[in-house]
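Right, one structure below, let's go through it.
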Amino acid sequence: MKNKKILIFTMSEWQSKFEINRILDEAQKLGVDAKRVLYKDLTFADDKVFVKGEEINETNTIGAIFRVAGTVSGKYVEGRNLFITLLGDKIKCVNAEGYLRWARMGKIPQLGVFVKNKIPIIPTKIFYTNEQLLAENFTYPVISKNSLGYQGKSVRKFDDRHALLKFVKKLDETRLGMYLWQKCLPTNWDLRIIVLGGQAIGAMKRTAKGDEFRSNFSLGGDVEKWDLSESDKIIAENVAKSCGLDYCGVDIMKDNEGNSYVLEVNRQCQFQGFEKATNINVARKLIEFLV
């Protein structure tokens with residue numbers, strides 16, 4: 001591995017700052033050359049790939065990690081996938097299969113994969129017109145999620161029909177089909193399980209605080225280590241396998257009877273809260289996986 005490097009692609013110098021710095025620190029401790037590079041530094045010439053003018057190939061590169069590539073224009077998503085297509089059989093590209101299968105792995109595509117592979121999910125409905133939505137006889141509260149939402153920011157809870165009507169009045173009906181509608185489970189916590197190389201490496205419990213019903217660490221949720229059961233371990237590993245992911249975070253929620261339901265999978269999951277809660281060195285494990 002001497003003189004070979006690991007590339008970590010981001011859109012800017014500040015994106016995923018915690019995760020990138022942790023990976024760089026752990027790589028240095030292991031004597032591995034790793035560096036952050038920007039998607040905009042990529043160029044392509046026929047079958048060759050360059051970063052800042054240097055050709056990238058199996059003689060000088062161990063592998064690549066990709067953070068969010070952005071989708072306003074889609075150019076970096078295309079660039080990431082071209083990189084994988086040209087080099088994926090020569091160097092290790094984390095989550096290569098998953099990226100090539102889905103340019104964006106929203107919650108609706110995930111739903112299809114979960115249902116097809118018999119992965120347990122909360123009963124979910126999707127509507128395309130206000131008439132369809134308002135004709136549904138929901139048991140309140142009910143949850144809605146935008147397929148392309150992240151870090152819990154698009155998740156809404158409606159306690160009654162009046163709240164739902166207010167939302168419908170403001171929403172552009174042409175965007176309604178991007179929302180999933182689900183039963184609201186009574187628990188205020190969920191699990192984040194990280195899977196790497198096909199194996200669940202640990203889990204943390206995330207608990208919502210105060211009036212906030214969302215448990216995301218980025219939204220202030222409390223985190224603590226969770227002893228992962230064999231059944232939840234199997235579920236998380238099946239999610240990663242079904243989605244073609246080497247590295248991902250699988251979110252599982254339980255009902256009052258202890259039944260598990262997969263909320264979603266995040267193929268570029270952050271791990272600051274996870275490392276804090278579990279003391280598992282995710283950054284080092286990522287480097288070791290690539291090497």
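The values are calculated or read from the model by the stated rules, or taken from the named source; none is laboratory data. Values in this document were obtained by computation on a predicted structure and should not be read as measured data. Every residue, glycine as well, gets a Cβ built from its backbone with ideal geometry; the counts of neighbours run over all protein chains shown.
Among the residues making up the range 86-110, those that are over 16 Å from Leu245 (Cα atoms) and assigned to a helix (DSSP H, G or I) are Leu86, Leu87, Ile108. Annotation note: of Ile23, Ile84, the sole residue that is of a type outside the set (D, E, K, R), touching a residue at least 60 places away in the same chain (Cβ under 8 Å), in contact with a helix residue (DSSP H, G or I) (Cβ under 8 Å, 6 or more places away or on another chain) and within 28 Å of Gln272 (Cα to Cα) is Ile23.
Among residues of the range 153-210 being in contact (Cβ under 8 Å) with a residue 60 or more places away in the chain and more than 19 Å from the chain's Cα centre (by Cα), the one that is surrounded by the fewest Cβ atoms within 10 Å (Cβ to Cβ) is Pro186.
Of all residues in the range 135-152, count the ones that are out of contact with any Gly (no Cβ under 8 Å at 6 or more places or on another chain) and either more than 30 Å from Ala103 (Cα to Cα) or surrounded by fewer than 17 Cβ atoms within 10 Å (Cβ to Cβ) (or both).
Selection size over the range 135-152: 9.
Are there any helices (runs of 4 or more DSSP H) wholly within the range 211-291 with 1 or more residues that are modelled with pLDDT under 95 and surrounded by fewer than 17 Cβ atoms within 10 Å (Cβ to Cβ), and if so which? Passing ranges, in order: 272-278. Beta carbons closer than 8 Å, at least 6 apart along the sequence or on distinct chains, pair a first residue in the range 265-291 that is farther than 13 Å from Gly197 by Cβ and in contact (Cβ under 8 Å) with a residue 24 or more places away in the chain with a second that is of a type in the set (Lys, Arg) and part of a loop (DSSP other than H, G, I, E, B) for Gln268/Arg67.
Pairs linking a residue in the range 52-76 that is farther than 18 Å from Glu19 by Cα and aromatic (Phe, Trp, Tyr) to a residue that is in a helix (DSSP H, G or I) and modelled with pLDDT of 95 or more, with Cβ atoms under 9 Å and 6 or more positions apart or on different chains, are Tyr76/Tyr39; Tyr76/Lys40.
Going by the structure shown, is Ala34 under 16 Å from the mean Cα position of the chain (by Cα), surrounded by 20 or more Cβ atoms within 10 Å (Cβ to Cβ), touching a residue at least 60 places away in the same chain (Cβ under 8 Å) and in the same structural domain as Ile20 (by TED's automatic domain parsing)? The answer is no for Ala34.
Mind checking whether some residue in the range 171-179 is of a type in the set (S, T, N, Q) and under 30 Å from Asp222 (Cβ atoms)?
Within the range 171-179 (the criterion being of a type in the set (S, T, N, Q) and under 30 Å from Asp222 (Cβ atoms)), the answer is no, since none of the residues qualifies.
Taking the range 121-161 as the range and being closer than 21 Å to Ser260 by Cβ and in contact with a helix residue (DSSP H, G or I) (Cβ under 7 Å, 6 or more places away or on another chain) as the test, the residues that pass are Ile121, Thr124, Lys145, Gly152.
Of the residues that make up the range 179-197, is at least one modelled with pLDDT of 95 or more, farther than 19 Å from Ile121 by Cα and not aliphatic (A, V, I, L, M)? So far as the range 179-197 goes, yes, one or more of its residues are modelled with pLDDT of 95 or more, farther than 19 Å from Ile121 by Cα and not aliphatic (A, V, I, L, M).
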